[in-house]
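The structure under discussion appears below in the form of structure tokens.
The values are calculated or read from the model by the stated rules, or taken from the named source; none is laboratory data. Since the structure is predicted, the reported quantities are computational estimates derived from the model, not experimental observations. A quick note on method: Cβ atoms are made from the backbone with ideal geometry, for glycine too, and the neighbour counts reach across all protein chains shown.
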Amino acid sequence: MVKATVDAVDIDLKTGTTLGFYTLGEERPNLLIIAAMDGGSATGVYASYLIMKHLERLDRVDGSVTILPVANPLAFRLGTKVSPLDSKDLDSVFPGDEHGTVTERTAWEIWRRASQADYIIHLKTNRQNCISHVSGMHREYIHVRNLASQIALPNTVQCSGQRGSLITEAAHEGIPVVSIEMRGDVDQVDSQAAVEVREAILNFMRIKDMITGERIETSVTLSGRLKHINAETEGFFVPVVNLGENVKNGTVIGKVQDKTNIVSAFDGVVISLSRMNYVFEGDMIARIAPPLGEPRPSTGKEDEEQIPKRRKW
């Protein structure tokens, strides 16, 4: 049986900001798995828990796996994206600052380990209903593309490359790094998504000969940056396509009852899609992963931009 060694690092004792790094195995390569950089990632925390429980039942791990189940303890406890102590988003301040704010010191402590890792996987949860998918700088870096191609999830999208993000900074340093985004909510776990991601990561470890077991052949579609589709009016939104479906420019993806159809302005795969709910003008309805090489449109929002809701009162 493999036993995890625990390294507890106190960042701020007054607020209970302590990072718990669980390491199984002692050798290289080292895989670093990080979850809960914000307060909406309960499914990612559960997926990391499932991975650790599986590894603890094995006889050995060839290499090592370091798991940080909760990277931002206070934000996770409060269900917020930014820390209430300094109003900073952890995934925007890497590589951090040893003498900075609580969030910057947290990033610095994580970066100390990330910069020594052979592979990094960041688990995050999308608050909109989505299919589990990989995100990373696969267009710029072959080491990112190679990692993404060995994770058994069918879709890999190009991330924004925003500086300060862990997957951006690590990629620039030559470290194979990706995010895996899955379904979930602030206080709800999607157990099916967590199991799917656990199996994808364990399969990657089998491909790298870190653990034993039958390997699943991976087949990954590389896409460009996600494109947003927003509601143009308010009312009850009803989707008419399915997650993972390929759509064309002009395809009706849903309708606002008694008012209008909402059509896709892009070709690509439906990565995320609102369930039936009441929407306001400007609300994001869906995200589409366009094929690589698609010309940049003159309109349309891209993923990871902050899109305010233009609610009419």
Scan R215, R183, R206 and give me the residue that is within 18 Å of A47 (Cα to Cα) and without any contact (Cβ under 8 Å) to a residue 24 or more places away in the chain. R206
Taking first residues from the range 101-116 that are of a type in the set (F, W, Y) and second residues anywhere that are surrounded by fewer than 20 Cβ atoms within 10 Å (Cβ to Cβ), the pairs with Cβ under 6 Å that are 6 or more apart or on different chains are W108/D97; W108/E98; W111/P95
Across the range 55-79, what is the number of residues that are more than 16 Å from the chain's Cα centre (by Cα) and farther than 24 Å from Q116 by Cα? 8
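Residues checked against (1) touching a helix residue (DSSP H, G or I) at 6+ places or on another chain (Cβ under 7 Å); (2) under 20 Å from V270 (Cα atoms):
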residue	(1), (2)
A170	yes, no
E173	no, no
I180	yes, yes
Q192	no, yes
K208	no, no
I211	yes, no
In the range 50-66, residues that are touching a Lys or Arg at 6+ places or on another chain (Cβ under 9 Å), on the phi < 0 side of the Ramachandran plot and either crowded, with 19+ Cβ neighbours inside 10 Å or not assigned by TED's automatic domain parsing to the domain that holds V189 (or both) total 3
Residues of the range 23-49 being among the aromatic types (F, W, Y) and surrounded by fewer than 21 Cβ atoms within 10 Å (Cβ to Cβ), which ones? Y49
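Here's the yes/no breakdown for (1) of a type outside the set (F, W, Y); (2) buried (at least 21 other Cβ atoms within 10 Å of the Cβ); (3) part of a loop (DSSP other than H, G, I, E, B):
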site	(1), (2), (3)
A75	yes, yes, no
T103	yes, yes, no
W111	no, no, no
V134	yes, yes, no
E140	yes, no, yes
G164	yes, no, yes
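Residue-wise test of (1) within 25 Å of V134 (Cα to Cα); (2) in the same structural domain as N155 (by TED's automatic domain parsing).
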site	(1), (2)
R215	yes, yes
G235	no, no
D258	no, no
V269	yes, no
D283	yes, no
I288	yes, no
D91: passes all of (1) of a type in the set (D, E); (2) crowded, with 22+ Cβ neighbours inside 10 Å; (3) closer than 27 Å to E214 by Cα but (3)
Identity of the residue in the range 172-190, surrounded by 16 or more Cβ atoms within 10 Å (Cβ to Cβ) and of a type in the set (G, A, S), that ends up farthest from the chain's Cα centre (by Cα): G184
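Yes or no, residue by residue, for (1) touching a Ser or Thr at 6+ places or on another chain (Cβ under 7 Å); (2) surrounded by fewer than 14 Cβ atoms within 10 Å (Cβ to Cβ):
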{"position": "R198", "(1), (2)": "no, no"}
{"position": "T212", "(1), (2)": "no, yes"}
{"position": "T218", "(1), (2)": "yes, no"}
{"position": "F237", "(1), (2)": "yes, no"}
{"position": "V247", "(1), (2)": "yes, no"}
{"position": "F266", "(1), (2)": "no, no"}
{"position": "V270", "(1), (2)": "no, no"}
Sole residue being closer than 17 Å to M182 by Cα, of a type outside the set (A, V, I, L, M, F, W, C) and part of a loop (DSSP other than H, G, I, E, B), chosen from Q128, Q116: Q128
L226 - would you say it is within 19 Å of Q158 (Cβ to Cβ), in contact with a helix residue (DSSP H, G or I) (Cβ under 8 Å, 6 or more places away or on another chain) and touching a residue at least 60 places away in the same chain (Cβ under 8 Å)? no
